[in-house]
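Taking it in order: structure first as structure tokens, then the write-up.
The values are calculated or read from the model by the stated rules, or taken from the named source; none is laboratory data. As the structure is a prediction and not an experimental result, all values here were calculated from the model. Here the Cβ positions follow ideal geometry from the backbone for every residue, glycine too, while neighbour counts run over all protein chains shown.
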């Protein structure tokens, strides 16, 4: 009985497999009137189409992400390169500005030397005196060994600076014209009206003892008169800023010097030609 029952049991899977194979062959041979494809292909397409669409979407997202990453990486590298080039250009511009500034300074010094019968001794400012509220002095790295003497005029190509007051072997203390103790001869270039120029102890000077009748305008040029015997006549001092009421007997005006003393780094000592210049 057991052997008889086993035969139908083994025959059923074979029958089922044959049936499925037969249906597959028939489905492959029968065409879908709408699509023109076989029924088997159409069924397979409908079954696997959603999976294929999902996989295609995932693949598209991954590809787009990789492309964006590569684009951003390339863009960032390009930005870094451009920033580096911009930094190099800025440095080159600064160097060019410094060279142009140095050339302008040397040209002004040469023009001053050609205009004055003096030997010019250049020096660098090493210190500024800030101890007293009205003291305006500079220390310069030139002294007696370089030919500097006391009461020697000190200038820049822009205008006068002051007078050498203390001379050491390798350094000199310069009293600036803005110091309250400074006093030199000066005049208005327009009309050549002379007066006495004194420092106000801050950043300006006062041109005093001008005649009451003199006409003074803001912006008038003030130059040295040479009356004190230190500065030669005609060196630029500054420009008139405003009138100052000091006395009813004479007129006084505030003068703003041409050199910016807070940023002066180099000065020129004027030594007369033939006076043992070195």
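For the structure I just gave you, tell me whether residue 222 is touching a strand residue (DSSP E or B) at 6+ places or on another chain (Cβ under 7 Å), assigned to a loop (DSSP other than H, G, I, E, B) and surrounded by 14 or more Cβ atoms within 10 Å (Cβ to Cβ).
Taking the combined requirement at face value, the residue does not satisfy it.
Please verify whether the range 205-212 includes one or more residues that are touching a strand residue (DSSP E or B) at 6+ places or on another chain (Cβ under 8 Å) and farther than 20 Å from residue 245 by Cα.
no
Only one of 213, 247, 263 is under 30 Å from residue 172 (Cβ atoms) and part of a loop (DSSP other than H, G, I, E, B). Can you tell me which?
The conditions single out 263.
Take the conditions farther than 17 Å from residue 262 by Cα and either surrounded by 11 or more Cβ atoms within 10 Å (Cβ to Cβ) or modelled with pLDDT of 85 or more (or both) and apply them to residue 111. Does it pass?
For residue 111, the condition - farther than 17 Å from residue 262 by Cα and either surrounded by 11 or more Cβ atoms within 10 Å (Cβ to Cβ) or modelled with pLDDT of 85 or more (or both) - is met.
So is residue 159 assigned by TED's automatic domain parsing to the domain that holds residue 228, within 13 Å of residue 137 (Cα to Cα) and modelled with pLDDT under 95 or not?
So residue 159 fails the test.
For every residue, the table says whether it meets (1) loosely packed, with under 14 Cβ neighbours inside 10 Å; (2) at pLDDT 90 or above; (3) within 25 Å of residue 186 (Cα to Cα); (4) under 29 Å from the mean Cα position of the chain (by Cα).
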residue	(1), (2), (3), (4)
116	no, no, yes, no
126	yes, yes, no, yes
135	no, no, yes, no
147	no, yes, no, no
151	yes, yes, yes, no
154	no, yes, yes, no
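Could we say that residue 207 is in the same structural domain as residue 122 (by TED's automatic domain parsing), at pLDDT 95 or above, within 21 Å of residue 118 (Cβ to Cβ) and in a strand (DSSP E or B) here?
no
Only one of these is surrounded by fewer than 22 Cβ atoms within 10 Å (Cβ to Cβ), at pLDDT 95 or above and either in contact with a helix residue (DSSP H, G or I) (Cβ under 8 Å, 6 or more places away or on another chain) or within 26 Å of residue 144 (Cα to Cα) (or both): 169, 256, 240. Name it.
That would be 169, the only listed residue that is surrounded by fewer than 22 Cβ atoms within 10 Å (Cβ to Cβ), at pLDDT 95 or above and either in contact with a helix residue (DSSP H, G or I) (Cβ under 8 Å, 6 or more places away or on another chain) or within 26 Å of residue 144 (Cα to Cα) (or both).
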